[in-house]
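Peer 1: Sharing a structure with you now.
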Amino acid sequence: MRNLSLLQRFKCVDLSFPGTPQCFSIRSETGTVLVASELAITEFDPRTQEVHKEVSLTAEDYLPEDGSGVVVAIQDLPDQESVCVATGSGDVILYNLNTSQLECVGSVESGLTGMTWSPDQELVTLTTGQETIIMMTKDFEPITEVAINQDDFGEGKFITVGWGKKETQFHGSEGKQAAHSHTLSQEVQPALPWDDRKPRITWRGDGQFFAVSTVCPQTGARKVRIWNRECVLQATSEVVNGLEQPLCWRPSGSLITSTQRHPNKHSVVFMEKNGLLHGDFNLPFGKEQVKVKELLWNSDSTVLAVWMEDLKPGENEHPNTYIQLWTVGNYHWYLKQSLHFGSEPLRAPACVCWDPEKPLRLHLLTRGWVSYTYDWGWSTDRSHGTDCHDNANVAVIDGDKILLTTFRQCVIPPPMCAFELQLPVPVNLVTFRSQAQRTNELAALTADGHIYVYGQGESDVPVDGFVISLCHSLGNGTVALQLDDGQIRKLSLTEWKDSTGNIINFPRPCVQTALCTLSGEEHLIGLTERSHLYIGDSLVASNISSFVVYDDFLLLTTHSHMCHCLNLSTLSIKGLQSALSSDAHQNDETVRKVERGSRIISVVPQDTRLILQMPRGNLETIHHQALVLAQLRKWLDGLRFKDAFECMRKLRINLNLIYDHNPTVFLANIEMFLKQIDSINYINLFLTELKEEDTTTTMYPCPSRSASSSASGKGGKKVDIICDALRSTMETLDPQKYCLCILTSHVRKTTPELELALQKVHELRGDGSSSVSAEEALKYLLFLVNVNELYEHSLGTYDFDLVLMVAEKSQKDPKEYLPFLNMLKTLEPNYQRYTIDKHLKRYRKALHHLSKCGEEHFTELLNLVKDQRLYSDALELYSLNSEQYKTLSVAYAEHLVEQQQAEQAGLLLWRCGENARALQAFVSCTSWRNALAVATHIPLPPEQLALLARDLAEKLLEARRHKQAALCLEQYAKDCEEAISALIQGAAWEEALRLVSLFFHLFAPLPTSFLESQKALFIRHKNRLAVVQELKAKARLELFGKREILLSSIYIISFSEDTVRSSKNRRKAEGKKHSLKEGSPFEDIALLNALTQIITIVDKMRVHSLLKALVLFQFDGAASSLQRDYGELLQLMETALPEIWTDNLQQGQTPLTGPNSTANSIMASFQQQRPAVPQQDTEALTAPKMRIAVKWKLSILK
């Protein structure tokens, strides 16, 4: 649905060149035009009118000076830096552009009627006056010469397999008599009188085939023959009456184009490579109104130019001339541009050709030496409204008709449309009005220069320059113009400037422009024909195929088959560049994949539809998620719940967004929500989709959304809040109308309120005025809830009528539930409810009802409590002084003892008077305070109390609770010596001193033999470790050559041993591995572990407290000796640390490699490498840390 819009036109007048132009060629490197006349060859620039070169063809007698000579073809040869010219007299002339020399490289006596070079310019074909084809190389060496008219069909001749007979075949309109005739000959009509009878040659785009159209000498009709690159005939066209002279092979290689005149129409026809017709389209002229002079395909096969002139002369006895540009889409041919040159002879085109580099540039030279260069671009003409009054119109030019499609109402694939506008002459340009409320009005510019406005006219503003595009912003009324050189102007014709005052221009002209607001500043967006997207003078992306600006969004498609929808209000130019250059995330709502080659046609304003057109021409409507969510947020902000709900339901957007978008506003407008939706099914759908997830932070995050706006309006769970609010409003408005919705609100709560829902269903049974019967409500409830679950809940209401009503709707056999229900009816009410609750496994309710059944059921209650562990609930049902309470407490205590919670069990037993059992519980868990308190409360005799205290002290000592053990021994056992001993054992020196001073006991100093033994052991292990390490180093050096074999053997042996060992044996093996026995394999690791253990024990000794105690009791000598010996031992260990745990201890485990290593260093590292150390032994390779900063010495000691 694209049109060809004229971007710019260059016109060169007053070209005073000799002769009359006969043919021309375009130099793609320089953009100049080479023109050949009957007198000279001229090269000029069509933009500046500057003549670069001119050489005479008559000076060296290549052409006669009287002007009767004919140049049949001219071709630029960039590789040879020359121009090849073929004359009608038979000369092939090579013009060197560097030296300006002419050279005749060949001559044909019979003359030349045509010359065509292959697309790769490796071959040249010449047609002679003797109706032959001469094929030559680019160096003009002859390859072959063959006759054009041949009787043979060619190598691609069709094969008849011999199925059936002529008499049995269908002959169509020829009738049955054709079956019995001997020949099915068709009358061949000769060529038309105005045919110039010259041959036409055209090459396929890949240069593998060429086609020749000539007049057959036998029949006088034109035929097309297809030849391959070796000039071997491949096929001959079928008989086509009325076939005309134009011939052009589509560069894509699919079809050969020509024209055919029928008795009642004039058509452009297409042939396949085998010569058979394949489709056509009609020219918009009468039966014998025009003749087609040439057909020209552009380089990318998208536009077909048809050059025509009238058969009958005009007012000045000269025919009118036309050039029409046709495109195809969805198998329909559209006339997009029609150029009328009038009947004046000098204005008639003499030469026409497409630019070889730029597909949409057309070059034209008139007989009066006026040069035209047209640049077209693809554009989609759409209405630019942003309100709901705009119909999202798209106009497609098709000759003298404008095909209009209103995408707001319908999506009609081309070539069909919503309606047509018929004009008297072909249309070249169409545009829509850019005024609010009137964006559906349009204006059309026709080929004869008239403007047809479907609406009111506007005033004109003169502009200095050639305007190639115009765009208007409805938001602020800005009108932006783009001139042909890329300059940007506002309607006031002032230069476009940015916020800093710098002039902004496009680096190159853009085929599509649009205004937008980015970061609060207005910008002009442009898309070039090279797919470059510019914002002002900044390049944003280079792979954009189409774009459109809608509201705050920039929608665009890329050549990587992605459709982006970017919010301009939250992005800067750099942000746009980053968004278009980076890959899309998995949950990125701004990007979605589209079909290959998709282009944006239109966006429906105030809607979510985006219209795309595929390369083959069909349309697709997509709902881009970013566009959908933006529109939904607008509707929800405007409280248009119905529009939002219907869109979300159709596009499968999670309905939780209605609440999550703004919970406070939704809860405040629930009544409006219900009235707008006004559908029981829709409300139920909304309720059933509710979930606790906040969709604004997970599924549909909004970049501009603040954290506070997504918070819930009330505390509590989201689903419960919505269900309660909706139910409350529905019960206020019309509880009968919203009966089913109220049931849904009960069922959909976090904890379903099925009992309440069933109760409401039961109430409907006696309410005859309700619009919903009890059966319908129950049937709907069964749709939401499993029938067995609903039956259980109905049983929990203790309403047997309701139970029967639900059971009847289920698939249960009456024999399954009727005996059970009859049995329940015979029971006492409380015991009946207990039985039901126990059946439903609602044990707490069952316990409550059973407690009301009397003393005779207490045993059953106790068993229920023990089975379901409902001790706390059961205790709440009885008074503290009751016998049942005591029994339950004892049972609870027994349960707690089983759960290793003896202290809590003792508290329960103590509270209910079971002191002896409480004492036993406290003693078992070493709760000595409670145990002694209970023993005092019993009370126990002094002897038993002292014995109890000693038992508790013994357990406390085992638990290393020395101070508490000393307290038991001192206060309850009255044994101060044992208490002091416990304190000394726990290193509680201050408390021990307190008791000593209290009871006047003597203090004996501790011997220093422990320090001496640790010192001797440390020195012995240290010396042995040095010896072991030296022995292992020597062994490694001796066995280095056999290291790999030895290690692999060790690995195999160790692996086989580990696989057969049990876990118990493995632990034993680990213990033996760390043995300090001399000669063991891992003796060094065992020595390191032993040294680490000695250092840790000595370092953590509480020497400071012991020194203070010794000084207090005047043992100064022992204190000085202890301080000196301990200090020497610490100094010895600190000095030995770096000797034992050397720096290369761990580095030796891996060879030293890297960019700074040498062969010798790597070999040395291998020699020093230790065997692989297991994971559990790695700690031994790390030196222990000593507490150097601890102050333990006493300054009063020497």
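Peer 1: By its C-alpha gyration tensor, with a ≥ b ≥ c as the square roots of the eigenvalues, how is region 365-461 shaped: rounded for a/c under 1.5, else prolate for a/b larger than b/c, else oblate?
Peer 2: Numbers: a/c = 2.22, a/b = 1.65, b/c = 1.35.
Prolate shape, in that a/c is at least 1.5 and a/b is the bigger ratio.
Peer 1: Classify region 275-382 from the C-alpha gyration tensor, please: rounded if a/c falls under 1.5, else prolate or oblate depending on whether a/b exceeds b/c. List each step's numbers first, then the result.
Peer 2: Numbers: a/c = 1.84, a/b = 1.25, b/c = 1.47.
Verdict is oblate for region 275-382.
Peer 1: Shifting gears a bit: Given a Förster radius of 25 Å and the C-beta distance between Asp537 and Ala443 as r, what FRET efficiency does 1/(1 + (r/R0)^6) yield to the nearest 0.05?
Peer 2: Values: r = 31 Å, r/R0 = 1.25.
Computed FRET efficiency for Asp537 and Ala443 comes out at 0.20.
Peer 1: Would you mind checking Lys1022/Lys1108; Lys650/Lys749; Lys223/Lys291; Lys1108/Lys1191; Lys675/Lys737 for any pair whose Cα atoms are more than 23 angstrom apart?
Peer 2: Beyond 23 Å: Lys1022/Lys1108; Lys650/Lys749.
Peer 1: Okay, moving on. Where the Cα atoms of region 511-622 are projected onto their three principal axes, how long is each span, largest first, in whole Å?
Peer 2: Principal-axis extents of the Cα atoms in region 511-622, largest first: 37, 29, 28 Å.
Peer 1: Quick one: if you stick a label point 7 Å off each Cα along the C-beta vector at Ser879 and Ile680, how many nm between them?
Peer 2: Here the modelled spin labels are 5.5 nm apart.
Peer 1: Return the Cα extents of region 60-153 along principal axes one, two and three, sorted largest first, each rounded to a whole Å.
Peer 2: Here the Cα extents, ordered largest to smallest, are 46, 34, 17 Å.
Peer 1: Next up: Give the distance, in whole Å, between the Cα centre of region 539-591 and the Cα centre of region 764-830.
Peer 2: Using only Cα atoms, the two centres lie 59 Å from each other.
Peer 1: Could I ask something else about it? Would you calculate the convex hull of the Cα atoms in region 877-978 and tell me its volume per residue in Å³? Could you put the intermediate results ahead of the total?
Peer 2: Working: hull volume 9.1 nm³, N = 102.
Convex hull volume per residue, Cα atoms: 89 Å³.
Peer 1: Test of understanding: what is the full-extension gain from Gln1093 to Ser1075, defined as 0.36 nm times their sequence separation minus their Cα-Cα distance?
Peer 2: 5.0 nm
Peer 1: Classify region 506-573: rounded, prolate or oblate, from the alpha-carbon gyration tensor (a ≥ b ≥ c, eigenvalue square roots; a/c under 1.5 rounded; otherwise prolate if a/b is larger than b/c)?
Peer 2: oblate
Peer 1: Right, next: How many angstrom separate the Cα center of region 632-680 from the Cα center of region 1078-1110?
Peer 2: Taking the Cα centre of region 1078-1110 as reference, the centre of region 632-680 is 75 Å away.
Peer 1: With +1 on the Cβ of every Lys and Arg and -1 on the Cβ of every Asp and Glu, and nothing else charged, how large is the dipole of region 340-454 about its Cα centre, in debye rounded to the nearest 20? Don't skip to the end; give the middle numbers.
Peer 2: On the way: 9 positive and 12 negative charges, 16 e Å.
That gives region 340-454 a dipole magnitude of about 80 debye.
Peer 1: Then there's this: On alpha carbon coordinates alone, what is the Rg over Rh value for region 1-135, Rh being the Kirkwood radius?
Peer 2: On the Cα set of region 1-135, Rg over Rh gives 1.01.
Peer 1: Consider a paramagnetic label point 7 Å from the Cα of Gln409 along Cα→Cβ; state which residues of region 377-398 have an amide N under 15 Å from it.
Peer 2: Answer for this model: 389-395.
Peer 1: Between Gln1131 and Ala933, what's the calculated FRET efficiency when r is the beta-carbon distance and R0 is 45 Å? Round to 0.05.
Peer 2: Once the sixth-power term is evaluated, E becomes 0.30.
Peer 1: Sticking with this structure for a sec: How long is the gain from Thr750 to Leu651 if the chain were fully straight, where each residue apart is worth 0.36 nm and the alpha carbon distance is subtracted?
Peer 2: Using 0.36 nm per residue and subtracting the Cα-Cα distance, I get 32.9 nm.
Peer 1: Now for a separate question. I'd like the accessible area for Trp249: 1.4 Å probe, protein heavy atoms, all chains in place, Å² to the nearest 10.
Peer 2: Accessible area, nearest 10 Å²: 10 Å².
Peer 1: Going down the table (Lys634/Lys691; Lys138/Lys358; Lys634/Lys717; Lys1032/Lys1100), which pairs top 29 Å between alpha carbons? Please list the in-between numbers first.
Peer 2: On the way: Lys634/Lys691 23 Å; Lys138/Lys358 25 Å; Lys634/Lys717 26 Å; Lys1032/Lys1100 33 Å.
Beyond 29 Å between Cα atoms: Lys1032/Lys1100.
Peer 1: Fully extended, how many nm does the chain gain between Ile503 and Ser810 (0.36 nm per residue separation, minus their Cα-Cα distance)?
Peer 2: Length gained, Ile503 through Ser810: 102.5 nm.
Peer 1: For a label point 7 angstrom out from the Cα of Ser560 toward its Cβ, which stretches of region 527-551 have the backbone nitrogen within less than 20 Å?
Peer 2: 527-528, 530-535, 539-548
Peer 1: Starting from the Cα of Thr99, move 7 Å in the Cα-to-Cβ direction to define the label point; list residues of region 116-152 whose amide nitrogen is under 18 Å from there.
Peer 2: In region 116-152, the label zone of Thr99 (backbone N under 18 Å from the point 7 Å along Cα→Cβ) covers 139-140.
Peer 1: Related question: Rounded to the nearest whole Å², what accessible area per residue is found for region 562-710 with the 1.4 Å probe?
Peer 2: Heavy-atom SASA per residue in region 562-710 reads 46 Å².
Peer 1: Compute the accessible area per residue over region 1-138, keeping the other protein chains in place, probe 1.4 Å, unit Å².
Peer 2: About 41 Å² of surface per residue is accessible.
Peer 1: Using modelled amide H (1.01 Å from N, peptide plane; none on Pro or chain starts), what sits under 5 Å from the amide H of Ala40, excluding residues fewer than 5 places away?
Peer 2: For Ala40, whose amide H was placed from the backbone, the distant partners under 5 Å are Leu57.
Peer 1: For region 759-861, what does the convex hull of the Cα positions come to per residue, in cubic angstrom?
Peer 2: It comes to 109 Å³ per residue, whole-number rounded.
Peer 1: For region 359-389 and region 930-983, write down the distance between their C-alpha centroids in whole Å.
Peer 2: 109
Peer 1: How much FRET efficiency would the formula 1/(1 + (r/R0)^6) give for Phe820 and Asn915, where r is the Cβ-Cβ distance and R0 is 56 Å, rounded to 0.05?
Peer 2: Working: r = 48 Å, r/R0 = 0.86.
The calculated FRET efficiency here is 0.70.
The values are calculated or read from the model by the stated rules, or taken from the named source; none is laboratory data. All values reported here derive from a predicted model rather than from experimental measurement. Virtual Cβ from ideal backbone geometry, glycine too; neighbours counted across all protein chains shown. Protein only, heavy atoms only, side chains kept; ligands, DNA and RNA dropped before computing areas. Shrake-Rupley method; radii C 1.70, N 1.55, O 1.52, S 1.80 Å.
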